[in-house]
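Readers should treat all values here as calculations from the given coordinates under stated rules, not as data from a laboratory. In this text the structure is predicted, and so the values were computed from the model without any measurement. Neighbour counts run over all protein chains shown; Cβ positions are idealised from the backbone, glycine included.
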Amino acid sequence: MDAAFTIFRLPSTRFWQVRFKHQGRYCVRSLKTEDEALARVVAAQTVQQFSVHPTLTPTLAPTLAPGIGRSIVPGAITFDHAAQALIAKDQRLVDIGQRNPGMNQDQRSTYKVHFASVLGPVPIKEINYSLISDFVDTMMDDAKSIATIKRNIVLLSKTLKHSHRMGWIDAMPPIPAVTSKSSVRSWLSPTEYHQLLRYLVAKVETGLEPITIRYNHADHELRLFVTFMVNTFIRPSDAKLLCHRHIEVVQTKDTRYLRITTQTSKTVNSPIISMPDAVPIYDKLIRHQKTKGFGDSDQFIFMPKFANRDVALQHLRLQFQEALSRIGLKHARTGQTRTLYSLRHCAIMFRLLQGKSMDLLTLARNARTSVDMIDRFYAKHLTAEMNVDILHSKR
């Protein structure tokens with residue numbers, strides 16, 4: 001369903017149709033395609049043509065323009081058609097819970113900013129290595145970051161792959177390689193981590209050095225958030241959407257831990273098993289939230305007073321960085337700025353340092369990442385000297 005039109009398919013036909021209102025009456029047109037994603041693109045353009053040219057009669061719909069209605073043929077499909085079809089396909093995955101909504105929103109934004117006016121009108125069959133190389137060179141000339149260029153190349157590659165699968169192009173053109181050094185986020189060493197906690201207890205929570213961000217005062221919740229993150233391995237993007245119903249306290253014969261099952265995740269959405277220390281931290285969080293009138297099953301764990309979860313995470317981020325700045329830990333020795341994501345690095349690094357014979361596959365699965373990602377990004381901080389006892393051990 002769309003604000004301007006509806007697409008549907010009758011049992012008696014294999015093609016999608018569009019229903020829209022024109023000059024006070026409803027019109028129905030066949031979209032001449034069996035692909036729902038492409039049908040949405042063609043339908044939107046059909047309706048747009050009627051809105052731009054209100055004097056058109058419904059009988060003119062098939063001949064409005066190349067790629068619309070009955071005139072659509074593979075050779076007339078533009079990069080815009082293909083990209084919008086890909087985004088629509090991914091949106092269906094969002095609708096059934098198989099894809100993070102944020103990732104598809106990023107695709108829409110990336111396409112609008114970087115592709116729509118440059119590659120959008122180009123016929124998909126004319127997208128070749130030379131054109132793609134020029135596109136990459138232009139981004140480099142505009143001083144776009146390597147991360148931005150790579151993100152754009154990913155969307156470009158996905159669009160071309162979808163076009164190939166749909167038969168709109170005969171083969172995938174080569175994609176220029178863009179290389180860069182892996183960007184490793186900084187972390188807090190155990191000494192720095194405990195220095196931060198001592199500061200929050202002694203100065204911030206006592207009111208001696210209060211932290212106020214946009215009229216929101218940091219309190220006990222900031223320290224609980226920091227310690228919760230370090231003991232649960234979750235990403236900040238997952239933490240902002242975490243509700244009490246997503247957490248289960250598990251008691252075994254030997255230990256207690258939290259089983260965390262989120263609705264969505266950046267990667268695989270498997271349960272996360274916390275460290276034992278997360279249980280008393282979570283108990284304190286519940287008591288803290290109930291003093292403020294929150295703490296129900298469907299309410300958020302952190303900053304529940306903010307319905308906008310991006311705003312909630314922003315307050316936590318600014319409070320965290322302000323605390324780090326005051327004790328001289330905002331920047332690592334390498335010059336990198338520490339962020340909320342540094343807490344996830346702490347969680348993984350502490351296990352690598354303190355876990356007895358830590359199995360990387362188990363750690364990776366629990367942290368919803370891969371062994372390769374741990375080696376390339378998280379464990380980059382790990383040096384031989386940190387585990388000198390293991391290095392010097394004997395059979």
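Dividing the mean sequence gap of close Cα pairs (under 8 Å, 6+ apart) by how many residues the stretch 190-391 holds gives a relative contact order of 23 percent.
How high is the FRET efficiency from His331 to His22, r the C-beta distance, R0 45 Å, rounded to 0.05? Spell out each step's value before the answer.
On the way: r = 60 Å, r/R0 = 1.33.
The pair His331/His22 has a calculated efficiency of 0.15.
Rounded to the nearest whole Hz, the Karplus-based 3J(HN,Hα) values (6.51 cos²θ - 1.76 cosθ + 1.60, θ = phi - 60°) of the stretch 248-260 follow the sequence 10, 7, 10, 10, 10, 5, 10, 7, 10, 7, 9, 9, 10, with x at glycine and proline. Oblate is the label for the stretch 9-49, because a/c, from the alpha-carbon gyration tensor with a ≥ b ≥ c as root eigenvalues, is 1.5 or above and a/b does not exceed b/c.
Taking 41 Å as R0, compute the FRET efficiency from the Cβ-Cβ separation of Phe15 and Ile273 and round it to 0.05. Write out the running numbers ahead of the final one.
Working: r = 49 Å, r/R0 = 1.20.
Plugging the Cβ-Cβ distance into 1/(1 + (r/R0)^6) gives 0.25.
Hey, fewest Cβ within 10 Å first, where do Glu126, Glu192 land in order? Mind dumping the intermediate values first?
On the way: Glu126 13, Glu192 19.
Listed from fewest to most nearby Cβ atoms, that is Glu126, Glu192.
Taking 0.36 nm per residue of separation and subtracting the current Cα-Cα distance, fully stretching the chain between Ser157 and Ser30 would add 42.7 nm. Scalar couplings 3J(HN,Hα) for the stretch 133-139, obtained by applying the Karplus form with A = 6.51, B = -1.76, C = 1.60 to θ = phi - 60°, are 4, 5, 4, 5, 4, 5, 5 Hz; x denotes Gly and Pro.
Here the dipole of the stretch 190-391 is about 300 debye; that uses its Cα centre as origin and unit charges on the Cβ of Lys and Arg (positive) and Asp and Glu (negative). Between Thr138 and Arg165, the FRET efficiency from the beta-carbon distance, with R0 = 25 Å, is close to 0.35. Amide H contacts under 5 Å for Thr33: Trp16, restricted to partners 5 or more places along the chain or on a different chain, H placed in the peptide plane at 1.01 Å from N.
Across the stretch 79-166, the mean sequence separation of Cα contacts (distance under 8 Å, 6 or more residues apart), normalised by length, yields a relative contact order of 44 percent. Computed over the alpha carbons of the stretch 79-166, Rg followed by Dmax gives 13.1, 40 Å.
Counting beta carbons within 10 Å around each of Leu86, Leu38 and listing the fewest first gives the order Leu86, Leu38.
For the stretch 183-237, the dipole from Cβ point charges (+1 on Lys and Arg, -1 on Asp and Glu) about the Cα centre works out to 180 debye, to the nearest 20. Hey, what did the stretch 146-260 get for relative contact order, percent, Cα under 8 Å, at least 6 apart? In percent, rounded to a whole number, it is 11.
Annotation: amide H-H contacts under 5 Å for Ile213 (H modelled 1.01 Å from N, sequence separation of 5 or more, or interchain): Ala218.
When the trypsin sites (Lys or Arg not before Pro) in the stretch 146-252 are filtered for DSSP coil states and for at most 14 other beta-carbon atoms within 10 Å of their beta-carbon, the remaining sites are Lys181, Arg214.
Among Ala83, Met103, Ala116, whose Cα lies farthest out toward the positive end of the dipole of the stretch 79-166, if unit charges sit on the beta carbon of Lys, Arg (+1) and Asp, Glu (-1)? Toward the positive end, the furthest listed residue is Met103.
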